[in-house]
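See structure below.
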Amino acid sequence: MMTIKPYLLSTVIFFPLFGSLILLFINKEKKNLLKYSAIIISLITFLLSLFLFFEYRENQLGFQFITKFDWIKGLNISYHIGIDGISLLLILLTTFITPIALLSSWENITHNLKEYLFFFLVLETGMIGVFASLDLFLFYIFWEAMLIPMYFIIGIWGGENRIYAAVKFFLYTMFGSLLMLVAIIALGVSAMDQLGYFTTDYLLLKKVALNLPHSTQLIMFIAFTVSFAIKVPLFPFHTWLPDAHVEAPTAGSVILAGVLLKMGTYGLLRFSLTLFPQISIELAPTMSIIAIIGIIYGALVAMVQPDMKKLIAYSSVSHLGFVVLGIFAFTLESQQGALIQMINHGLSTGALFLLVGMIYDKRHTRMISEFGGLARVVPIYATILLIVSLSSIGLPGLNGFIGEFLILLGTFKSSVLNSYWYTVFAATGVIFAAVYLLWMYQRVIFGKLENPHNKDLKDLNKREIGLLVPIIVLIVWIGIYPSTFLSKSELSIKEILKEVVSSKIELISK
Amino acid sequence: MITQHIYFAVLFPLIGFLINGLIGYKIKNEKVIGWIGSGFVGLSFLVSLLSFFEVTGLNVAERKIIVPIFQWISIESFNVSFAYLVDPLSLVLALVVTGVGFLIHVYSIGYMQGDKGFWRFFAYLNLFIFMMMNLVLADNFVLMFLGWEGVGLCSYLLIGFWYDRKFNGSTTADAAKKAFIVNRIGDFGFLLGMFLIYKTFGSLNFNEVFTIAEKVPLPEATATLITLLLFLGATGKSAQIPLYVWLPDAMAGPTPVSALIHAATMVTAGVYMVSRASVLFVQSEITMMVIAAIGAATAIFAASMGLVQNDIKKILAYSTISQLGYMFLAAGVGAFTASIFHLMTHAFFKALLFLGAGSVIHALHEEQNIKNMGGLKNHLPVTYKTFLIASLAIAGIPPLSGFFSKDEILWETFAHGHSFLFVIGLITAFMTAFYVFRLFNLTFENKSRYPSHIHPHESPKIMTIPLIILAILSIIGGFVGMPKVFVGESGNFFYNWLKPVYEPSETYLFNVPLYTHSTEIVLMIISVIVALSGIFLARYVYLENIKPIDWLVTKFGKLYNLLFNKYYVDKVYDLLFVEPIVKGSERILWKFSDVKLVDGFINSVGEFFIEIGGLIRKIQTGVTQFYALIMIFGIILIIFMLLI
């Protein structure tokens, strides 16, 4: 183990890319071979990431599995990767969701299968890379690299209005990315003043950023944060999401909701907070209010959607509002809750998109009004949809509760926010979540089976059940015994909080 | 010690749920499914009973055993576990839940016979008992909340059990959703209450929180806020004003569900929670006053609606809300023992009333309107007799159980100096006696009013035996808590049993009760007279064939309509909250703000650049002469600039 340990992380990152290159050499008519190869590659990636999980030392401070070597020497840009508990969990989420998403497209992707699988695996490398980069330039490369395959997945394999959605997704995200790129370069240039050389190394820039004038920090914080906020998406940057989800193929939605959105919240936690701790604290109330608007707004708009996929898309806006609130409440409970909520959202919303996709494959509609009384014909589907909805509603005993509870509890006692009202308003989201999901459930599953098109619906097959069961196992696992995951990230979150708090003390002493 | 293994009492129903839930659909024999479900609840009752005997053998000071299982959520100083608390209070609840629960399970084997969701029904019922046991045995607020929400889920599933049926002009699924959402509004309060407790005490474990609260009084404002928030949770679960509206609709579920969940156990969870956290509640005079007032108001308000309903289950539902009001009245005046005592006796006689109603509904092929019943006395002898016992018990006729518990509440209310609330309680008692005997007379007495092709038969033994057992409990259940005026200080077993639980809170009580034996006896006589007059009035109106009721209905038509339409509360809620939120979300937030405003802006940015691009494109004409012309102009311009 010791011999491969230094390369393990790089292997996890690049194995899917390597696999995608292998796919290129397979004849595109051999569809089964292509599918099996892609699945096996993603499964091996998952197994490799499990090594990361077991080898990770949760009592050890700082980043682990660090690899660093020069890349662009003149600019001191290096290939610098490493993970802490936060990255670890998100990488695991990525490698866990990807094979499931691939398996979900077993039957419904018929044209250009080879390219589809290729893009998917490239996407995986991009996502894992984002969570592991310790150099901002490298981070930016991965960030953008994952944009391209996603653009194609929506644009080629999407629904009717796919071009509009793909371009909207691309432009929105690109706009944010460019802001971030400017900020990264500006930070690098500031390093020149302070250290005497240009660099984009995260650990070095952390110190550089601290010494910048307040106004410069503020502008840079905004540049980074807007970029992340678009990805999350935070209100009012969220309108690309419903379109992207509705048009994306099921697997695309699953990845989009499951992992891509987490890159935004991860960015906030990793970069906005630690690069600009003082600004983060100053703007914590503002960010929290925006987050709470998102919670309520997303939930209310979700409630009145006639399209199941759009409903779930808006529910993401609401759920991720909780995550952002947890991050900016600056307590151990709330940030731990935010992290576990990222995982939860990936699982529950991923599963919801899978379920909607499964019914769409059979009926070619996602309109709630087209359904009703499905419990009679598809009982297994109804049961699984119920469990997943309840997880999303935050029923205690399932995963969603752990996240929401910790976030709200932490927000309540937060000394940075220092007001009960944040929690009071955010907690109304708990009520609304029950409203929109149960209402949808009722209209789709309960009632009389009146639409003749639904009479012969087939219940889930073994493949479909097979790809949902692992998610349900995790939903229950996190709900009953979250320590498996919480313990991995506790120290890392503490470190972030410590950095932020120490900067606050510095601020006061200045 | 079996008490150390109390988790078996929680686990058994879970096993039953898993068996029936996962492979129940493969089991063809209903009896097997039914007895698996009932059997595991029976085992759970057995464990509870053995623990009970074990604990009675302990010294009073030792009657509090914490059984930790494993750590649930742990973040530095924040720790909550799956851990169970066995004390006199939780044991009473555990016995009621599993005992009455077992009887209702058995009854359901007969009642649900032939239903295509038979296995699903038993799976849900078992899941319910599992969650309820978590609620009553939890040793911290968070685990209690797990049970709290869990029973809400089961309630949701069971109200909507016949998910494709119509109910009251809407559907069973609507009723189920309403129950869950209204409960969530209450849970919102429960959650915030927990956060404030954690912020104040640094813990959510009962033992730690209450030990501190016993020793160090809270600031009045904090105590009031915490307890009001918790009480908001209680009004949701226990159907009190203003969140009672879900319970009448909850009658859409199968009748055994109404008996178990919406009468005997789940709806009393709020009462239990107030009792459990009594040491917090007693520290706020305002909250206690609010609880007593809401309890009394709910009691009389719900009873008044029960007077004119015609659906047999609806009447019982309003009756339940009203009786829960009594329990909160008791808790609010500081008589926690009386409140739990009434909780227990009510579980017996109200479960019996519902199961009896189920037997009637069964016999009349799903008829629920009491105007279409009558004369069932001879056809359903067991149901008739047991229903009579339950009716007398709820009306408060001595020496049945309801008499002792209700009388204690009224007496304590009076003794604590709340004479106004006492009068309300008394009027409610009159109404209770009236509506329950109106129901009884219209159902069992007189001539039959149902279609002649129906020939009602008594239910099978599997349903009548639980009725008989519950009838016995309704008769003797009150003897454990006989008034001290008759049996002396030591004779009231129930009071002495629960005493150690409430001792810490009693030191905080604001007004010390004034007990005098003579007043107690006078009041007792008054309440019996009130109950009897209610019964006789109902007999007079509905038996003697004089129809003053029609005269009353026409004379007070407006009042009658107001009551019959349940004070239009549902409509008002719809108009005030539901409609504005739904319409506002759709029209303002979605179609205007999202689509027009934000997306409109984004799209117009896109269009702007396309337009600009379109304009600039016009320059690219592809005509060489044009480019040459521009070039010459350019050169001239440059020369010109250089010269200047």
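The values are calculated or read from the model by the stated rules, or taken from the named source; none is laboratory data. This structure is a prediction, so every number in the text was calculated from the model and none was measured. Every residue, glycine among them, receives a Cβ derived from its backbone with ideal geometry; neighbour counts consider all protein chains shown. Ligands, DNA and RNA are stripped out before the accessible areas are found, and what is left, the full protein with its side chains, is counted by its heavy atoms. Shrake-Rupley method; radii C 1.70, N 1.55, O 1.52, S 1.80 Å.
To keep it simple, each residue is scored yes or no on (1) over 19 Å from B:Ile69 (Cα atoms); (2) modelled with pLDDT of 95 or more.
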| site | (1), (2) |
| --- | --- |
| B:Phe102 | yes, yes |
| B:Gly110 | yes, no |
| B:Phe118 | yes, no |
| B:Phe141 | no, yes |
| B:Gly160 | yes, no |
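Among the residues of segment B:158-179, write down those that are at the interface with another protein chain (Cβ under 8 Å from one of its Cβ atoms), open to solvent by 10 Å² or more (accessible area, probe 1.4 Å) and in a helix (DSSP H, G or I). If you could, list the steps in order and put the result at the bottom.
Taking segment B:158-179 and keeping what is at the interface with another protein chain (Cβ under 8 Å from one of its Cβ atoms), we get B:160, B:163-164, B:171-174, B:176-177.
Those left that are additionally open to solvent by 10 Å² or more (accessible area, probe 1.4 Å): B:163-164, B:171, B:174, B:177.
Once the filter is applied, which keeps residues that are at the interface with another protein chain (Cβ under 8 Å from one of its Cβ atoms), open to solvent by 10 Å² or more (accessible area, probe 1.4 Å) and in a helix (DSSP H, G or I), segment B:158-179 yields B:Asp174, B:Lys177.
Is one or more of the residues making up segment B:250-260 closer than 18 Å to A:Leu438 by Cα, touching a residue at least 24 places away in the same chain (Cβ under 8 Å), surrounded by 24 or more Cβ atoms within 10 Å (Cβ to Cβ) and away from chain A (no Cβ under 14 Å)?
Of the residues in segment B:250-260, the ones closer than 18 Å to A:Leu438 by Cα are B:250, B:252-253.
Next, from what is left, pick out any that are touching a residue at least 24 places away in the same chain (Cβ under 8 Å): B:250, B:252-253.
Subsequent filtering for residues that are surrounded by 24 or more Cβ atoms within 10 Å (Cβ to Cβ) retains B:250, B:252-253.
Filter once more, so that each one left must be away from chain A (no Cβ under 14 Å): B:250.
Yes, segment B:250-260 contains at least one residue that is closer than 18 Å to A:Leu438 by Cα, touching a residue at least 24 places away in the same chain (Cβ under 8 Å), surrounded by 24 or more Cβ atoms within 10 Å (Cβ to Cβ) and away from chain A (no Cβ under 14 Å).
Looking at this structure, is B:Ile468 among the β-branched types (Val, Ile, Thr), open to solvent by 30 Å² or more (accessible area, probe 1.4 Å) and in contact (Cβ under 8 Å) with a residue 60 or more places away in the chain?
On the way: among the β-branched types (Val, Ile, Thr): yes; open to solvent by 30 Å² or more (accessible area, probe 1.4 Å): yes; in contact (Cβ under 8 Å) with a residue 60 or more places away in the chain: yes.
When the stated conditions are applied, B:Ile468 passes them.
Could you say whether any residue in segment B:219-235 is within 30 Å of B:Asp174 (Cα to Cα), in a helix (DSSP H, G or I) and β-branched (Val, Ile, Thr)?
Checked segment B:219-235: at least one residue is within 30 Å of B:Asp174 (Cα to Cα), in a helix (DSSP H, G or I) and β-branched (Val, Ile, Thr).
Considering only residues that are open to solvent by 20 Å² or more (accessible area, probe 1.4 Å), within 14 Å of chain B (Cβ to nearest Cβ) and part of a helix (DSSP H, G or I), which ones fall in segment A:453-472?
A:Ile465, A:Val469, A:Ile472 - these are the residues of segment A:453-472 that are open to solvent by 20 Å² or more (accessible area, probe 1.4 Å), within 14 Å of chain B (Cβ to nearest Cβ) and part of a helix (DSSP H, G or I).
Here are some conditions: (1) closer than 17 Å to A:Pro306 by Cβ; (2) more than 9 Å from every other protein chain (Cβ to nearest Cβ); (3) in a helix (DSSP H, G or I). A:Ser392 meets all but one. Which one does it not meet?
(1)
I'm trying to understand the selection: among the residues of segment A:411-431, which are assigned to a helix (DSSP H, G or I) and facing chain B (nearest Cβ under 9 Å)? Before you say what the answer is, go through the steps one by one.
At the first step, the residues of segment A:411-431 found to be assigned to a helix (DSSP H, G or I) are A:411-413, A:421-431.
Listed by number, the residues that qualify are A:Thr411, A:Phe412, A:Lys413, A:Thr423, A:Val424, A:Ala427, A:Thr428, A:Val430, A:Ile431.
For segment A:146-171, give me each residue that is among the small types (Gly, Ala, Ser) and out of contact with any Gly (no Cβ under 6 Å at 6 or more places or on another chain). So that I can check it myself, show each step before the final result.
At the first step, the residues of segment A:146-171 found to be among the small types (Gly, Ala, Ser) are A:155, A:158-159, A:165-166.
The answer is A:Gly155, A:Gly158, A:Gly159, A:Ala165.
Here are some residues: B:Val267, B:Val274. Which one is touching a Lys or Arg at 6+ places or on another chain (Cβ under 7 Å) and under 30 Å from B:Ser419 (Cβ atoms)? Explain how you work it out, then say what you get.
Numbers: B:Val274 fails: touching a Lys or Arg at 6+ places or on another chain (Cβ under 7 Å).
None of the others qualify; the one that does is B:Val267.
Looking at B:Phe188, B:Phe145, which one is open to solvent by 10 Å² or more (accessible area, probe 1.4 Å), on the phi < 0 side of the Ramachandran plot, facing chain A (nearest Cβ under 10 Å) and not charged (D, E, K, R)?
On the way: B:Phe145 fails: open to solvent by 10 Å² or more (accessible area, probe 1.4 Å).
Result: B:Phe188 is the single residue among B:Phe188, B:Phe145 that is open to solvent by 10 Å² or more (accessible area, probe 1.4 Å), on the phi < 0 side of the Ramachandran plot, facing chain A (nearest Cβ under 10 Å) and not charged (D, E, K, R).
Within the bounds of segment B:611-624, is there any residue that is of a type in the set (Asp, Glu) and surrounded by 14 or more Cβ atoms within 10 Å (Cβ to Cβ)? Explain how you work it out, then say what you get.
Of all residues in segment B:611-624, those of a type in the set (Asp, Glu) come to B:611.
Adding the requirement that they be surrounded by 14 or more Cβ atoms within 10 Å (Cβ to Cβ) leaves none.
No, segment B:611-624 contains no residue that is of a type in the set (Asp, Glu) and surrounded by 14 or more Cβ atoms within 10 Å (Cβ to Cβ).
Counting just the residues of segment A:136-153 that are closer than 16 Å to A:Ile81 by Cβ and at pLDDT 90 or above, which one comes out surrounded by the fewest Cβ atoms within 10 Å (Cβ to Cβ)? So that I can check it myself, show each step before the final result.
Residues of segment A:136-153 that are closer than 16 Å to A:Ile81 by Cβ, as a first pass: A:136-143, A:145-146.
When the remaining residues are screened for being at pLDDT 90 or above, the result is A:136-143.
Details: A:Leu136: 27, A:Phe137: 24, A:Leu138: 22, A:Phe139: 25, A:Tyr140: 19, A:Ile141: 17, A:Phe142: 22, A:Trp143: 24.
My answer is A:Ile141.
Given the condition open to solvent by less than 10 Å² (accessible area, probe 1.4 Å), of a type in the set (Phe, Trp, Tyr), under 25 Å from B:Ala357 (Cα atoms) and assigned by TED's automatic domain parsing to the domain that holds B:Pro500, answer yes or no: does some residue in segment B:264-272 qualify? Lay out the reasoning, then the answer.
Filtering segment B:264-272 for residues open to solvent by less than 10 Å² (accessible area, probe 1.4 Å) gives B:264-272.
Narrowing the set further to residues that are of a type in the set (Phe, Trp, Tyr) leaves B:272.
Going one step further and asking which of them are under 25 Å from B:Ala357 (Cα atoms), we end up with none.
Among the residues of segment B:264-272, not one is open to solvent by less than 10 Å² (accessible area, probe 1.4 Å), of a type in the set (Phe, Trp, Tyr), under 25 Å from B:Ala357 (Cα atoms) and assigned by TED's automatic domain parsing to the domain that holds B:Pro500, which makes the answer no.
Being outside any helix (DSSP H, G or I) and closer than 29 Å to A:Tyr172 by Cβ is the filter here, so list the residues in segment A:203-232 that pass it. Give the steps one after another, and end with the answer.
Residues of segment A:203-232 that are outside any helix (DSSP H, G or I), as a first pass: A:211-213, A:232.
Result: A:Leu212, A:Val232.
Mind listing just one residue for me: the one in segment A:157-191 that is modelled with pLDDT of 90 or more and surrounded by fewer than 17 Cβ atoms within 10 Å (Cβ to Cβ) and, of those, nearest to A:Phe276 (Cα to Cα)?
A:Ala186
Quick one: would you say B:Asp115 is more than 10 Å from chain A (Cβ to nearest Cβ), among the charged types (D, E, K, R) and open to solvent by 20 Å² or more (accessible area, probe 1.4 Å)?
yes
Sort out for me the helices (runs of 4 or more DSSP H) sitting completely within segment B:557-644 that have 2 or more residues that are within 11 Å of chain A (Cβ to nearest Cβ).
Details: elements: B:557-564, B:569-573, B:579-584, B:599-617, B:624-643.
Per the criteria, B:579-584, B:599-617.
Checking B:Pro483 against (1) under 30 Å from B:Ala335 (Cβ atoms); (2) at pLDDT 85 or above: exactly one of these is not met. Which one?
(2)
Can you list residue pairs whose Cβ atoms sit under 9 Å apart, with the first residue in segment B:602-629 being under 25 Å from A:Thr173 (Cβ atoms) and the second being among the charged types (D, E, K, R) and open to solvent by less than 100 Å² (accessible area, probe 1.4 Å)? Count only pairs 6 or more apart in sequence or on different chains.
Close Cβ pairs satisfying both conditions: B:Ile602/A:Lys168; B:Asn603/A:Lys168; B:Gly606/A:Lys168.
Need the failing condition index for B:Gly42 against (1) buried (at least 23 other Cβ atoms within 10 Å of the Cβ); (2) more than 14 Å from chain A (Cβ to nearest Cβ), just the number.
Exception for B:Gly42: condition (1).
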